[in-house]
Amino acid sequence: KTRDVGGVEVLMRWNHPQRGFIPPDIFIPLAERLGLIQPFTEWLVSQAVRELRVLSGTHPGLRMNINLSARQAQPVLVDALLAEIDRAGGIGCERFTFEVTEGVLLENSAPALEALNRLKRRGVRIALDDFGTGFSSISYLEEFPIDVIKIDKSFVQKIEGGTDSRKLVEAMLFMASALELDSVAEGVESLGELAWLTTKGCRYIQGYFFARPLACNELDAFLRDFSFPEDGLNEALWPKARGLPRLL
């Protein structure tokens with residue numbers, strides 16, 4: 001509704017001096033197996049707080065999303081992440097959203113519940129990432145303190161090509177609305193996807209249609225110059241040649 005940027009997601013990247021760019025789907029699982037994911041994430045959180053503090057001067061309402069791995073959904077580890085936010089200073093926990101996947105909740109049900117409740121008590125929002133790709137998504141919405149569902153891009157990127165995916169996404173949006181949860185459509189890459197999601201009441205859109213991953217200085221410039229494609233959206237919703245008949 002505001003046609004503005006509501007938040008950003010923190011992404012970790014590794015540019016190896018000899019091997020070049022190493023994708024996160026390779027080094028993140030490796031870090032988990034080696035027991036390095038916690039120090040990685042603590043560093044990422046401290047870096048994110050510092051960068052958000054810089055961005056807050058010109059974008060005071062900006063939120064940051066940070067991914068929480070299966071190994072980290074434990075009370076003592078989330079306490080360490082909260083302490084990192086406090087240590088960096090100047091930014092409240094309520095400006096952060098931690099994203100978890102269904103696998104995190106499935107693997108560590110009891111510890112994960114306590115960990116997420118600790119985050120909630122500090123004002124952190126919880127997002128269920130890759131929604132719809134697991135086995136028991138609906139029960140998680142009732143059992144865990146979820147604030148946001150992020151509809152997986154595998155559904156979003158099919159809505160222009162088939163009615164089944166449209167029905168599934170529409171059902172997810174309806175369910176989120178009924179449960180008073182925010183919804184984010186991931187992987188939006190076309191104006192057609194944006195237009196359809198807008199008509200179905202999806203409040204937040206994330207994807208390459210707006211921006212690819214950016215370094216902090218690039219992000220600052222992007223936010224300063226951001227302009228929502230209002231004319232393009234209106235044209236997609238009401239093509240000039242068919243506007244009047246459709247309106248009638």
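The values are calculated or read from the model by the stated rules, or taken from the named source; none is laboratory data. Computed from a prediction, not measured in an experiment: that's the story for all the values here. Neighbour counts run over all protein chains shown; Cβ positions are idealised from the backbone, glycine included. Accessible surface is based on the protein model in full, side chains and every heavy atom, while ligands, DNA and RNA are left aside. Shrake-Rupley method; radii C 1.70, N 1.55, O 1.52, S 1.80 Å.
Can you tell me which residue in the stretch 154-164 is surrounded by the most Cβ atoms within 10 Å (Cβ to Cβ), limited to those that are more than 20 Å from the chain's Cα centre (by Cα) and assigned to a helix (DSSP H, G or I)?
Checked the stretch 154-164; the qualifying residue surrounded by the most Cβ atoms within 10 Å (Cβ to Cβ) is 164.
Just for the stretch 110-121: of the residues that are open to solvent by 50 Å² or more (accessible area, probe 1.4 Å) and among the aliphatic types (A, V, I, L, M), which one is farthest from residue 147 (Cα to Cα)?
Residue satisfying both the conditions and the ranking: 110.
Among 151, 138, which is the only one that is touching a helix residue (DSSP H, G or I) at 6+ places or on another chain (Cβ under 9 Å) and buried (at least 19 other Cβ atoms within 10 Å of the Cβ)?
Working: 138 fails: buried (at least 19 other Cβ atoms within 10 Å of the Cβ).
Every option except 151 fails the conditions.
Just name the residue that is surrounded by the fewest Cβ atoms within 10 Å (Cβ to Cβ) out of those in the stretch 207-225 that are assigned to a loop (DSSP other than H, G, I, E, B) and out of contact with any Leu (no Cβ under 7 Å at 6 or more places or on another chain).
Here is the first cut: in the stretch 207-225, the residues assigned to a loop (DSSP other than H, G, I, E, B) are 207-215.
The next check asks that each one be out of contact with any Leu (no Cβ under 7 Å at 6 or more places or on another chain); those that pass are 207-208, 210-212, 214-215.
Details: 207: 19, 208: 12, 210: 15, 211: 15, 212: 7, 214: 14, 215: 10.
Only one residue fits best here, namely 212.
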